[in-house]
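The values are calculated or read from the model by the stated rules, or taken from the named source; none is laboratory data. It should be emphasised that the depicted structure is a prediction, and the values quoted were computed from it without experimental measurement. Here Cβ is always computed from backbone atoms with ideal geometry, including for glycine, and neighbour counts include all displayed protein chains. Heads up: the accessible areas ignore ligands, DNA and RNA and are worked out on the full protein's heavy atoms, side chains in. Shrake-Rupley method; radii C 1.70, N 1.55, O 1.52, S 1.80 Å.
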Amino acid sequence: MSILTRFSISDVGVPSRRITLALAALTLGISTSVFAQDLTRAARDAQLDQNIRGLSQVRVSLEQSDRPIRVLAQYSQASADPAASTTEVLPMTGLASATLASASQRARNTLTAQGITNVREIHGLPLMTFELKRSQLTAMAESGQFAIIVEDKLSKAYLGSSGPVINVPALHALGGDGSGHTVAILDTGVDIDHPFLNGRVNEGACYSSNFAAHGATSLCPGGVDNATTVASGNHCTGVPGCDHGTHVAGIAAGRPDGAITITGVAPEAEIMAVQVFSRFDDVPGGPNTCASVGTTSPCVLSYDSDQIRGLQRVVTRAADLNIAAANMSLGGGSFAAACDTDNAALKAIIDQLIAAGGTTVIAAGNDSFTAAIGSPGCISTAFTVGSTTDADNISGFSNLSETVDVLAPGSSIESSVPGTGFAVFNGTSMATPQVTGAIAAIASCARPGTTVAQIEAQLVATGASIADGRPGGSVTKNRVDLSAAAAAVGCATLPEDCIAHNFSNLELRSRGWWIWKRWWIVDGNHLLFYFGNNGAEAQESLDVIRQFGFTDTCYIGRPDASMQYLRTNGVVPSGPHGSLDCITFNRAGVRIEPAGGGQFRLTDGVSSMLMFPNQAEGDEAVVRINQYQMNRQCFVGRPDASFTFWLSE
């Protein structure tokens, strides 16, 4: 290659620079005709880079290494019709099978004629992967068969007692358990025999690659590059990281069984296990792929193209399996904003799953970025999850940016690993399946007609607001509150224990004399509230009942009720409380936590609000607070209140 090709293409077309460069060529004894050829080649390459999206970056990658790279290409319209545009893409949807088959065959024939190897179509889509050498780049680009050519990027699994924090028990109390729905786990495979998963892996698939230039070998059964049996979704073995998918699946959909007392978010959901990783081995003097991503060899990594194949299978099976969400706890890179252009093919499949009624939940990544996240979580239509601690701080390892949709706990999460055991992992990988499971669980109890998009909207809108307090952090996002989101879409299956008042008959009655006098609020002949010898508090309480027009009293835990709340025509009233003794609390932070001695505390994360003798009553309290959007607890006669009531936002 002429040394003059090292000059920038920006020099081309500037007369003074052309003269200078030409003189330099003559001085060096280089033919001006050769120089002219170099200029022509540079101009041609610039035009190709302009016409074919992603080609310039592929060119840079090839110039940085003597090894071939693996590319992911989308057909041009000319691949289907030679008279059509070579720069416009063949669309991802709406293609007749005959048209796609013709385009695939024409593109394959072109690559074969150019000596390009390892060609793989992505069935049903106008996409193809192949191995590309530097010497083959120009001819391939000039063929006009492809409108987008990008490097087939690699992702790694994001590794770096959350249930009560996000109100999983309260969600389960509402009937939100995932029954009738499936979660798809695109990962390193799932141990289909683990007791925590209870034989609920009802669908499997594997998409993995053999690519010697990267040191990659397939992890599918028998070394094939794809399979769609249940067994093919089983966890990989023999490589660090093969336990990742089983851990993720347990968080999303694990179920208590015998001595196993922990639970996943959607314990009755079915599981589709999709293995999308390949094994990589670094070789001295050869490929060093593991080292290039900062891990030891051997390692497991996932190609974009295998993720696309996996998601495509999820889309295909979405209707039959009623798939609510696909989980992708993987990724890489750094993107400060949406990365749709860099991931056009993957975005198209994510959008297809949305159109099919599901969603793709993706981890933000574990590089501690405060203003960027990884790919594919940066795709605008993905539902992207960052990580928090149980103390509601941003996890130190979590990536975060405005592209993130929600937060969930991802620090010190216990779940299943292959065999029969359990382990504690950290990472946005652990936060993500909590949201995946939540979508399936809420979908199982939501009012008829509720869409996954509506569930996502409530997960975003409810929950505790968490600001990134790390150095350089400026982003604030909501940590999910599952019972609040569930209540907002109609999950309220718990029967209420309520007694109606005859408002017109309410009155104070007393019995006895002097210090032995006792006071009640009654409804005709029915005793409603007892105040002992405190007539003043009885009168104040009756005034409150009349002020808000309370028509019934509801109880949790009778006969010795642990909580009471009053309603007005079926709702907890709102409005100003004036001079009444009320404490405003943060409903988004309300949860139940153990308080010792078999007791459970209702707290908003700042102060203790009520004590309960068991978790079931506490969980119901959380449900009712969210159901009626209560945000004030009011009292008559503190500190030993004789009458309590609640007001809503």
**Report entry** Accessible carbon and sulfur surface of the chain relative to its total accessible area, %, 1.4 Å
**Finding:** 52 percent
Query - Positive minus negative residues near L100 (Lys, Arg vs Asp, Glu; Cβ under 13 Å) - result: 0
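State whether the range 323-444 is rounded, prolate or oblate according to the following rule on the C-alpha gyration tensor (a ≥ b ≥ c being the square roots of its eigenvalues): a/c under 1.5 gives rounded; otherwise a/b larger than b/c gives prolate, and the remaining case gives oblate.
Working: a/c = 1.82, a/b = 1.18, b/c = 1.55.
Here the range 323-444 falls in the oblate category.
Using the Cα centre as the reference, give the magnitude of the dipole from point charges on the C-beta atoms of the range 543-649 (Lys, Arg: +1; Asp, Glu: -1; all else neutral), rounded to the nearest 20 debye. Write out the running numbers ahead of the final one.
On the way: 9 positive and 11 negative charges, 31 e Å.
Roughly 140 debye, rounded to the nearest 20.
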Query raised in the report: Using alpha-carbon pairs under 8 Å, 6+ residues apart, how would you state the relative contact order of the range 175-256 in percent?
Result: 39 percent
Query raised in the report: Which Cα, out of S232, Q105, L527, lies furthest along the positive dipole direction of the chain (beta carbon charges, K/R +1, D/E -1)?
Result: Q105
Requested in this report: Putting +1 on Lys and Arg Cβ atoms and -1 on Asp and Glu Cβ atoms, find which of A205, G437, L330 reaches farthest to the positive end of the dipole of the chain.
Outcome: L330
Requested in this report: Treating the Cα atoms of the range 111-213 as identical point scatterers in vacuum, please give the log10 of the normalised Debye intensity I(q)/I(0) at q = 0.10, 0.11, 0.23 Å⁻¹, two decimals.
Outcome: -0.56, -0.64, -1.40
Query raised in the report: Mean residue ellipticity at 222 nm from the helices of the chain, using -39,500 (n - 2.57) per DSSP H segment of n ≥ 4 over the full residue count, to the nearest 500 deg cm²/dmol?
Result: -8500 deg cm²/dmol
Requested in this report: Specify, per residue and in Å³, the volume enclosed by the convex hull of the alpha carbon atoms belonging to the range 214-335.
Outcome: 149 Å³
Report summary line: Net charge near E121 (other residues with Cβ under 14 Å of its Cβ; Lys, Arg +1; Asp, Glu -1) is +1
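Treating only the Cβ atoms of Lys and Arg (+1) and Asp and Glu (-1) as charged, compute the dipole magnitude of the range 87-220 about its Cα centre; round to the nearest 20 debye. Intermediate results must be reported in sequence, preceding the final value.
Working: 8 positive and 11 negative charges, 75 e Å.
My answer is approximately 360 debye.
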Report task. Please give the peptides 505-512, 586-593 ranked by average Cβ packing (other Cβ atoms within 10 Å per residue), highest first, as a rough proxy for protection. Result -> 586-593, 505-512
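Give me the tail of P(r) for the range 481-528 as a percent: Cα-Cα pairs with distance above 13 Å. Show your work: numbers first, answer last.
On the way: 788 of 1128 pairs.
Cα-Cα pairs of the range 481-528 separated by over 13 Å account for 70 percent.
Starting with the highest mean, order 358-369, 519-530, 199-210, 92-103 by the number of other Cβ atoms within 10 Å, averaged over the residues of each peptide. All intermediate terms of the calculation are to be shown ahead of the outcome.
Working: 358-369: 27.2, 519-530: 15.6, 199-210: 22.6, 92-103: 13.4.
Averaged packing, sorted descending, gives the order 358-369, 199-210, 519-530, 92-103.
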Requested in this report: Can you check what the Kirkwood hydrodynamic radius comes to for the range 447-497, Cα pairs only, in Å to one decimal?
Outcome: 12.6 Å
Report summary line: Rounded to the nearest whole number, the per residue volume of the convex hull around the C-alpha atoms of the range 353-409 in Å³ is 68 Å³
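Can you compute the FRET efficiency between S102 and Q599 using 1/(1 + (r/R0)^6), with r the Cβ-Cβ distance and R0 = 56 Å? Round to the nearest 0.05. Provide the component values of the computation, followed by the final result.
Working: r = 71 Å, r/R0 = 1.27.
E between S102 and Q599, to the nearest 0.05, is 0.20.
Let me check I have the definition right: for the chain, take the eigenvalues of the Cα gyration tensor, multiply each by 5, take square roots. What are those semi-axes in whole Å, largest first?
Numbers: eigenvalues 762, 128, 90 Å².
Semi-axes from the Cα gyration tensor: 62, 25, 21 Å.
Normalised radius of gyration for the range 445-581, please: alpha carbon Rg relative to 2.2 N^0.38 Å, two decimal places. The partial results should precede the final answer.
Working: Rg = 21.4 Å, N = 137, 2.2 N^0.38 = 14.3 Å.
In units of the globular-protein estimate, the range 445-581 measures up at 1.50.
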Query - Sparsely packed GluC sites (Glu not before Pro) within the range 61-135, loop by DSSP, other Cβ within 10 Å at most 14 - result: E88
Report summary line: Karplus ³J(HN,Hα) for the range 504-514 (6.51 cos²θ - 1.76 cosθ + 1.60, θ = phi - 60°; Hz, whole; x = Gly/Pro) runs 6, 9, 5, 7, 8, 9, 9, 8, x, 9, 6
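Could you work out the local net charge near S541, counting Lys and Arg as +1, Asp and Glu as -1, over the other residues with Cβ closer than 15 Å to its Cβ?
Values: positive: R509, R518, R546, R638; negative: E507, D523, E537, E540, D543, D581, D640.
Spelling it out: positives minus negatives among the neighbours equals -3.
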Query raised in the report: Once phi is turned into θ = phi - 60°, what whole-Hz ³J(HN,Hα) does the Karplus curve with 6.51, -1.76 and 1.60 give for every residue of the range 310-322, x standing for Gly and Pro?
Result: x, 5, 4, 5, 4, 4, 4, 9, 4, 5, 5, 9, 6
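For the chain, give the magnitude of the charge dipole about the Cα centre (Cβ charges: +1 Lys/Arg, -1 Asp/Glu; no others), in debye to the nearest 20. Working shown, then result.
On the way: 40 positive and 57 negative charges, 185 e Å.
Its charge dipole is roughly 880 debye.
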Query - Spatially proximal lysines relative to K133 (Cα-Cα < 22 Å; intrachain offsets below 8 disregarded) - result: K153
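Quick one: of the DSSP bridges fully inside the chain, what percent are antiparallel, nearest 5?
Details: 81 of 108 bridges.
The antiparallel fraction comes to roughly 75 percent.
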